[in-house]
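Presented below is the structure to which this report refers.
The values are calculated or read from the model by the stated rules, or taken from the named source; none is laboratory data. Note that the structure is predicted; figures quoted are calculated from it, not measured. With ideal geometry, Cβ positions are generated from the backbone for all residues, glycine too; neighbour counts draw on all protein chains shown. All accessible areas refer to the heavy atoms of the entire protein, side chains included, with ligands and DNA or RNA removed. Shrake-Rupley method; radii C 1.70, N 1.55, O 1.52, S 1.80 Å.
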Amino acid sequence: MKKLVLLLFIGASFMSQAQKVSTRSGFVKFFSDAPVEDITAENNQVSSILNLEDGSFAFLVPIKAFQFEKALMQEHFNENYMESGKFPSASFKGSIADYTKIDLSKDAKYTLQFKGTMTVHGESQEITKEVILVVKGGKVSVQAEFLLKCSDYGIEIPTAKKDNISNEISVTVKFEYA
Amino acid sequence: MLKRFLVLAAFAPLSLWAQEDLMAELEQADANKTEYAFATWKGTKVVNLQTNELPGKGVLQYTILHRFGAFNDDFFYNFMGLDNAQVRLTLDYSPTSWLNVGLGHTGFRKTYDVFAKYRLLRQSKGARKMPVSVTGFSSAYYSAIRVSDGVDRTFGRRMSYVHELVIARKFSQNFSAQIVPTLIHSNLTNRAADNNTQIAVGIAARYKITPMHAITVEYVPVLNPNQYPDLSADPLALPMNVPFSNFTNALSVGIDIETGGHVFQLFVTNARGVAEPYAFTQTDGSWLDGDLHFGFNISRVFTVSN
């Protein structure tokens, strides 16, 4: 019996290993729509892991990897707003809500919710947002679009810049897992 | 039954641990990347010294540099020194992320110059570690001023050169410092006894007080200073009786203010000749005598190509 427990134990951890999918080249884009200018930046170095067994889900966004149209914008983003020297990455850790194991052998599209802790600029907030999970040819990908508020994460926008930078930032994430 | 419970109990922490594990795995992967220091300084100059910073690739930068008249030179009569301001203008462009080239004009001695700035090393941590950023700066100056002292000003005699090797480190988000071995060469000097080639070791530091404001300080001691006829003791002395004094080292204290595409640098300095060779080796005013000049550097950048 003891051996059986041990076997189950090993088997389970082995299985959960096998059921984790990840990517190192996930995509995150954000967009700020303010009266004077629109600011957009893209990041292709986001890593993410999704556990297909229990729906737990995490991603890590290296702030310095955001690419802007203008070099100076990128510098100000890192230096003045995100303080990426102090807070090098943003992260999300949580899970897909009401997760039931998905069937990888069937192509399908699921609209689900993910919830957990979003950490940006060293400040954490509990969030629940919609996510679209797609299974195609045995591969899983997720895509989500949601709004985050600068003020929720302690990112101060000086009064003089209120017309240039929006407090509400639209964020798009896309992860194609291998 | 007990055993079944044991099995369950064994699994519960495992699944909790699995979530922590996801994050740890992600962070692990992130640690293997190289992270370069950026924004060691707000501008491409501290006051008179260059910084290790270059405008980004495809960026055109225009700078306007002013040094007003001295505080101790009839300050209010000269409208806070504005009436006898020295001006320098520069225009530069970065064709690549590691090279910047530009042109400048300085009112002092009607000087025209060309310069190049090039990144040699970048401070980094992570996979590739480098404690400092190193940037080279080289420039050539042509003084077009008319003189009638009998010495034929050939093209060569009008030229001087400056090379700076900027070794900078961003110690923290707010504090950066640099040491700048500098070589200044003038083909023609004021006196036969003067050194044509002079060495200076500039030092500079900045401390950010808010994300948009920083305090800067800069000192450029020249190791083999030249001398100038010093009229300060006796302004009416006969030419053969005028004593010679060493030129002073340039010391400047300022504040950087950043607003989007501009950097405003406001400072007080004893160096009046805005271009490098004059600021470093031909400063005759001293802080102790109140021979100080208010000045500013303003830069504006335009992204002209990606």
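Could you look through the range B:81-132, keep only residues that are β-branched (Val, Ile, Thr) and farther than 13 Å from residue B:63 by Cβ, and pick out the one that is most open to solvent (accessible area, probe 1.4 Å)?
Within the range B:81-132, the first condition is being β-branched (Val, Ile, Thr), and the residues that meet it are B:87, B:90, B:96, B:101, B:106, B:111, B:114, B:132.
Adding the requirement that they be farther than 13 Å from residue B:63 by Cβ leaves B:96, B:101, B:111, B:114, B:132.
Working: B:96: 41, B:101: 63, B:111: 0, B:114: 79, B:132: 38 Å².
Step by step, filter the range B:81-132, then rank; the result is B:114.
Name the residue that is farthest from residue B:216 (Cα to Cα), counting only residues in the range B:260-270 that are open to solvent by 20 Å² or more (accessible area, probe 1.4 Å) and part of a strand (DSSP E or B).
Per the stated criteria, the residue is B:262.
Identify the residue in the range A:45-92 that is in contact (Cβ under 8 Å) with a residue 40 or more places away in the chain and among the acidic types (Asp, Glu) and, among all such residues, is farthest from the other protein chains (Cβ to nearest Cβ).
Step by step, filter the range A:45-92, then rank; the result is A:53.
Here is a check on your reading of the model: is residue B:164 away from chain A (no Cβ under 14 Å) and within 21 Å of the chain's Cα centre (by Cα)?
It is true that residue B:164 is away from chain A (no Cβ under 14 Å) and within 21 Å of the chain's Cα centre (by Cα).
What is the residue count in the range B:59-102 for residues that are polar (S, T, N, Q), in a loop (DSSP other than H, G, I, E, B) and over 20 Å from residue B:266 (Cβ atoms)?
Selection size over the range B:59-102: 1.
Among the residues in the range B:284-305, are any without any contact (Cβ under 8 Å) to a residue 60 or more places away in the chain and surrounded by 17 or more Cβ atoms within 10 Å (Cβ to Cβ)?
yes
For the range A:76-84, check the following and say yes or no: at least one residue is part of a loop (DSSP other than H, G, I, E, B), among the hydrophobic types (A, V, I, L, M, F, W, C) and within 30 Å of residue B:214 (Cβ to Cβ).
Let us first name the residues in the range A:76-84 that are part of a loop (DSSP other than H, G, I, E, B), namely A:82-84.
Checking which are among the hydrophobic types (A, V, I, L, M, F, W, C) leaves us with A:82.
Within this subset, residues satisfying the condition of being within 30 Å of residue B:214 (Cβ to Cβ) are A:82.
Yes, the range A:76-84 contains a residue that is part of a loop (DSSP other than H, G, I, E, B), among the hydrophobic types (A, V, I, L, M, F, W, C) and within 30 Å of residue B:214 (Cβ to Cβ).
Is it true that some residue in the range B:135-148 is small (Gly, Ala, Ser) and open to solvent by 60 Å² or more (accessible area, probe 1.4 Å)? Full working, then the answer.
Step one: list which residues in the range B:135-148 are small (Gly, Ala, Ser), which gives B:136, B:138-140, B:143-144, B:148.
Cutting the leftovers down to open to solvent by 60 Å² or more (accessible area, probe 1.4 Å) gives us B:148.
Checked against the condition, which is being small (Gly, Ala, Ser) and open to solvent by 60 Å² or more (accessible area, probe 1.4 Å), the range B:135-148 yields at least one hit.
Inside the range B:236-256, can you point out the residues that are in a loop (DSSP other than H, G, I, E, B) and at pLDDT below 90?
Going residue by residue through the range B:236-256, those that are in a loop (DSSP other than H, G, I, E, B) are B:236-238, B:242-243, B:247, B:249.
Result: B:236, B:237, B:238, B:242, B:243.
Is at least one residue of the range B:248-259 open to solvent by 70 Å² or more (accessible area, probe 1.4 Å) and not β-branched (Val, Ile, Thr)?
No, the range B:248-259 contains no residue that is open to solvent by 70 Å² or more (accessible area, probe 1.4 Å) and not β-branched (Val, Ile, Thr).
Filter the range B:158-213 for residues that are open to solvent by 10 Å² or more (accessible area, probe 1.4 Å), closer than 16 Å to residue B:133 by Cα and of a type in the set (D, E, K, R) and give the result.
B:169, B:170
For a quick check of your reading of the model, give me the residue pairs whose first member lies in the range A:159-175 and is within 12 Å of chain B (Cβ to nearest Cβ), whose second is of a type in the set (Asp, Glu), with beta-carbon atoms closer than 6 Å and at least 6 apart or on different chains.
Hits for this filter: A:164/A:37.
Any residue at all in the range B:274-283 that's surrounded by fewer than 17 Cβ atoms within 10 Å (Cβ to Cβ) and away from every other protein chain (no Cβ under 14 Å)? Step through it out loud before you land on a result.
We begin by selecting, within the range B:274-283, every residue surrounded by fewer than 17 Cβ atoms within 10 Å (Cβ to Cβ); these are none.
No - not one qualifying residue is present in the range B:274-283.
Take the residues in the range B:255-273 that are away from every other protein chain (no Cβ under 14 Å) and among the hydrophobic types (A, V, I, L, M, F, W, C); name whichever of them is nearest to residue B:140 (Cα to Cα).
Ranking the qualifying residues of the range B:255-273, first place goes to B:271.
Sort out which residues of the range B:117-153 are assigned to a strand (DSSP E or B), of a type in the set (A, V, I, L, M) and touching a helix residue (DSSP H, G or I) at 6+ places or on another chain (Cβ under 6 Å), and write them in order of number.
If the condition is that a residue be assigned to a strand (DSSP E or B), of a type in the set (A, V, I, L, M) and touching a helix residue (DSSP H, G or I) at 6+ places or on another chain (Cβ under 6 Å), then no residue fits.
Can you name every residue in the range A:88-124 that is on the phi < 0 side of the Ramachandran plot and not in a strand (DSSP E or B)?
Listed by number, the residues that qualify are A:88, A:97, A:99, A:100, A:101, A:102, A:103, A:104, A:105, A:106, A:107.
Quick check on the range A:93-113: of everything there that is within 13 Å of chain B (Cβ to nearest Cβ) and touching a strand residue (DSSP E or B) at 6+ places or on another chain (Cβ under 7 Å), which residue is surrounded by the most Cβ atoms within 10 Å (Cβ to Cβ)?
Residue satisfying both the conditions and the ranking: A:96.
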